[in-house]
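A.B. asks: Would you mind keeping the following structure in view while I ask a few things?
The values are calculated or read from the model by the stated rules, or taken from the named source; none is laboratory data. Being a predicted model, the structure only gives us computed values, none of them experimental. Cβ placement follows ideal geometry from the backbone for every residue including glycine, while neighbour counts extend to all protein chains displayed.
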Amino acid sequence: MLLWSTGFIGAKYGLPYAEPFTFLALRLMIASALLWLIVAVTRSERPRTRVQWGRSAVTGVLLHAGYLGGVFWSIDNGLPSGVSAVIVSLQPVVVAALANRLLGERLSRWQWVGLVLGVIGVVLVLAPGLFDAGRSADFPILGIVACLVALAAGTAGTIHQKRHGDGIPLASGTAVQYLAAAALVAVLSLSFETQTIDWTLEFSLAMVWLVFALSLGAVLLLLFLLKRGSASGVSSLFYLVPPATAIEAYLLFGEDLALVSIIGVVVTAAGVALALRKPRADQPDSGTA
């Protein structure tokens, strides 16, 4: 989550120098090429069937093209990053509700309380920025729609990966994900953008960080966690991203960290702790939803 939280900072540095779909397509193509190189050098296993290739591609389109593309486009088109963070922070609740029905993951009442506390904590963390954004600007409707698309795509991608990704090799499967996502985002870039990139030092450093720390680090850790844990439990960790980003912005850029945001960090941490709490073995059905 510490790695994942730096994605908003990397996007903040890089987006002024490239259009969102162009930026994302380049990032995904580089990440896919590096992963294929790692697979070749280590002679790692590749997806064994066409079904596995197809399922990896679907996950990639949802998680990387749909989720990241929606967030990048919304921020680039005027939606405050705090607003986009609040919208996509609803993902753990939506994932938990769907996982309950589609994956048979049963949550206790305390786990549901944790998910709700997570949402409240995120809103508190971002409250000062949301208040300032609400006073200074109108929220673009298309930006909000793009964030809702990102929320839906991220949720569907998480459920799909948990349901179908356990038997797919991690490195090569992720390389397929990036390749499929890059193809879709490249089409969007060619259709709606100029593909102009200003290769400044800031853009280059942002690209290096987003490829290595996010695409090769955080995403592989995310997919590994989905192999080992429940979809709802892993998704609840995303509540920690806005608090981590707020603390990083305070330490790196001197941005204000208001008291309400500090309270939000505590509330969010408590919510995640409850969401990850396992039901007692002697009461497997008590309080399940």
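A.B. asks: Go through the range 187-209 residue by residue and tally those that are of a type in the set (A, V, I, L, M, F, W, C), in contact (Cβ under 8 Å) with a residue 12 or more places away in the chain and farther than 25 Å from Leu3 by Cβ. Can you show your working first?
C.D. replies: Our first condition is that a residue be of a type in the set (A, V, I, L, M, F, W, C); within the range 187-209, this holds for 187-188, 190, 192, 197, 199, 201, 203, 205-209.
Going one step further and asking which of them are in contact (Cβ under 8 Å) with a residue 12 or more places away in the chain, we end up with 188, 192, 197, 199, 203, 205-207, 209.
Filter once more, keeping what is farther than 25 Å from Leu3 by Cβ: 188, 192.
Adding up the residues that qualify gives 2.
A.B. asks: What residue, of Arg27, Arg48, Arg43, is at positive phi and of a type in the set (Lys, Arg)? Explain how you work it out, then say what you get.
C.D. replies: On the way: Arg27 fails: at positive phi; Arg48 fails: at positive phi.
Unique residue meeting the criteria: Arg43.
A.B. asks: Among the helices (runs of 4 or more DSSP H) confined wholly to the range 169-237, which include 3 or more residues that are among the small types (Gly, Ala, Ser) and crowded, with 21+ Cβ neighbours inside 10 Å?
C.D. replies: On the way: elements: 170-192, 201-209, 219-228, 231-236.
Qualifying helices (runs of 4 or more DSSP H): 170-192, 231-236.
A.B. asks: Can you tell me which of Ala85, Ala33, Ala97 is part of a helix (DSSP H, G or I), modelled with pLDDT of 80 or more and hydrophobic (A, V, I, L, M, F, W, C)?
C.D. replies: Details: Ala85 fails: modelled with pLDDT of 80 or more; Ala97 fails: modelled with pLDDT of 80 or more.
It is Ala33.
A.B. asks: Further question: Can you pull out the residues in the range 251-264 that are closer than 15 Å to Ala127 by Cα and out of contact with any Pro (no Cβ under 8 Å at 6 or more places or on another chain)? Talk me through it step by step, then tell me what you get.
C.D. replies: Let us first name the residues in the range 251-264 that are closer than 15 Å to Ala127 by Cα, namely 255-264.
Those that are closer than 15 Å to Ala127 by Cα and out of contact with any Pro (no Cβ under 8 Å at 6 or more places or on another chain): Glu255, Leu257, Leu259, Ile262, Ile263.
A.B. asks: Of all residues in the range 149-168, which are in a loop (DSSP other than H, G, I, E, B) and either in contact with a Phe, Trp or Tyr (Cβ under 6 Å, 6 or more places away or on another chain) or closer than 11 Å to Leu223 by Cα (or both)?
C.D. replies: Gly165, Asp166, Ile168
A.B. asks: Here's a follow-up. Can you say whether Leu24 is modelled with pLDDT of 90 or more, farther than 30 Å from Thr200 by Cβ, under 14 Å from the mean Cα position of the chain (by Cα) and buried (at least 18 other Cβ atoms within 10 Å of the Cβ), as far as the supplied structure shows? Write out each step before concluding.
C.D. replies: Values: modelled with pLDDT of 90 or more: yes; farther than 30 Å from Thr200 by Cβ: no; under 14 Å from the mean Cα position of the chain (by Cα): yes; buried (at least 18 other Cβ atoms within 10 Å of the Cβ): yes.
Judged against the criteria, Leu24 is not a match.
A.B. asks: Would you mind finding the one in Gly60, Gly118 that is within 19 Å of Ala213 (Cα to Cα), assigned to a helix (DSSP H, G or I) and modelled with pLDDT of 80 or more? Break it down into steps so the answer makes sense when it comes.
C.D. replies: Numbers: Gly118 fails: within 19 Å of Ala213 (Cα to Cα).
Within the list Gly60, Gly118, the selection yields Gly60.
A.B. asks: Somewhere in the range 244-257, is a residue surrounded by 15 or more Cβ atoms within 10 Å (Cβ to Cβ), of a type outside the set (Ser, Thr, Tyr) and within 17 Å of the chain's Cα centre (by Cα)?
C.D. replies: yes
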